[in-house]
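The structure appears right after this line, and notes come after that.
The values are calculated or read from the model by the stated rules, or taken from the named source; none is laboratory data. Remember, predicted model here, so these are calculated numbers, not experimental data. Here the Cβ positions follow ideal geometry from the backbone for every residue, glycine too, while neighbour counts run over all protein chains shown.
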Amino acid sequence: MQLKKIVVKVGERELNQVKSVLKSFKESKQDATISSLRHGSLGDDTLVSFNVEEQYYNYLVEKLTLFGIKVLRPISKTEKDKVQVMVKQKLNVSNYNHTGSNKSVKETPASILDGSIERGDYEKLIQMSKDFRSGHELIKKAKDNIENTVISAINSAYDKALKSKFEINTSFNQLIKIASDKNLKVMNLINHQKSAGFYAVKICAAYREYINLLIQICNNNAIPNIVCVKAAVELSNMVLLDENEDIEYAVRYLNVKWLQIAFDIAGNEISQQEKDSVRELITNVRKIRNIRIQ
């Protein structure tokens with residue numbers, strides 16, 4: 001059995017993404033041989049290396065690259081070019097599926113609108129609803145379908161994350177985008193923005209390796225305050241109930257100043273037990289930081 005080495009360069013937060021990719025790979029390919037991770041330092045970054053069976057080598061390099069992970073090996077130019085071609089093909093297919101477009105077929109405004117509704121592309125509907133060139137009937141149809149299309153986009157993103165861990169980062173970004181969309185806030189669709197945020201929290205809370213994403217939600221001042229607070233509840237449960245190294249993520253990256261503001265505004269929307277969890281989280285993070293300053 002021939003093994004090939006893969007080496008990646010990651011920051012502290014990206015390391016969890018590498019582990020997530022490999023964990024999902026092991027779950028789907030239980031008969032595959034893959035070595036344990038080896039770590040080394042390169043300035044502020046970390047070098048991570050592991051060996052994998054040759055037959056799965058290209059698959060893992062491609063998957064890591066698609067996740068934005070800096071892959072240092074393969075070394076040869078031929079291998080690098082091969083990976084770039086594969087990734088480019090994947091991205092082109094993804095973009096094609098997302099837009100549903102075929103340049104050889106001329107689309108009409110009506111077909112574009114129907115396709116946007118079907119795909120959950122609420123942003124396109126908002127755009128068409130404001131474009132007088134669309135015509136009265138299409139403008140009305142676009143406006144009438146925005147809310148349901150937002151709901152469809154939320155459900156689609158969440159369902160994809162449930163079906164595959166490879167989709168979690170993409171789904172997370174889509175849900176947070178909806179939760180922070182100023183257009184939706186102006187249209188008084190705040191409840192759907194909250195729903196998108198809650199789903200993002202739920203995804204992160206299900207997997208400890210996504211604690212960094214959970215902290216991102218806590219720190220995000222562009223989403224509804226209650227979503228930040230709910231994320232803090234889950235973060236507290238994750239780092240305080242069990243003694244583990246994850247408290248370090250909170251100490252290093254949690255914006256307790258912003259979280260306190262969000263909690264003061266939206267704290268009345270959660271239970272007493274949840275309030276206690278958030279307060280304990282903020283208190284512990286501040287305490288540890290103060291000790292280290294002294």
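What about Val233, is it touching a Phe, Trp or Tyr at 6+ places or on another chain (Cβ under 7 Å) and modelled with pLDDT of 90 or more?
Answer is no for this residue.
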In this structure, does Lys165 turn out to be surrounded by 13 or more Cβ atoms within 10 Å (Cβ to Cβ) and within 24 Å of the chain's Cα centre (by Cα)? yes
Check off (1) modelled with pLDDT of 75 or more; (2) touching a helix residue (DSSP H, G or I) at 6+ places or on another chain (Cβ under 6 Å) for Ser24 and give me the number that stays unchecked. (1)
State yes or no: is Ser277 touching a Ser or Thr at 6+ places or on another chain (Cβ under 7 Å), in a helix (DSSP H, G or I) and either closer than 30 Å to Glu123 by Cβ or of a type in the set (S, T, N, Q) (or both)? yes
Which condition number in (1) modelled with pLDDT of 95 or more; (2) small (Gly, Ala, Ser); (3) out of contact with any Leu (no Cβ under 8 Å at 6 or more places or on another chain); (4) assigned to a helix (DSSP H, G or I) is the one that Ser156 fails? (1)
Output the number of residues of the range 180-233 satisfying the condition of being under 21 Å from Lys160 (Cα atoms), among the hydrophobic types (A, V, I, L, M, F, W, C) and touching a Cys at 6+ places or on another chain (Cβ under 7 Å). 4
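Table: residues versus (1) modelled with pLDDT of 90 or more; (2) farther than 25 Å from Val150 by Cβ; (3) of a type in the set (D, E, K, R).
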{"site": "Ile190", "(1), (2), (3)": "yes, no, no"}
{"site": "Ala196", "(1), (2), (3)": "yes, no, no"}
{"site": "Thr283", "(1), (2), (3)": "yes, yes, no"}
{"site": "Ile291", "(1), (2), (3)": "no, yes, no"}
State whether one or more residues within the range 138-157 are in contact (Cβ under 8 Å) with a residue 12 or more places away in the chain and among the basic types (Lys, Arg). yes
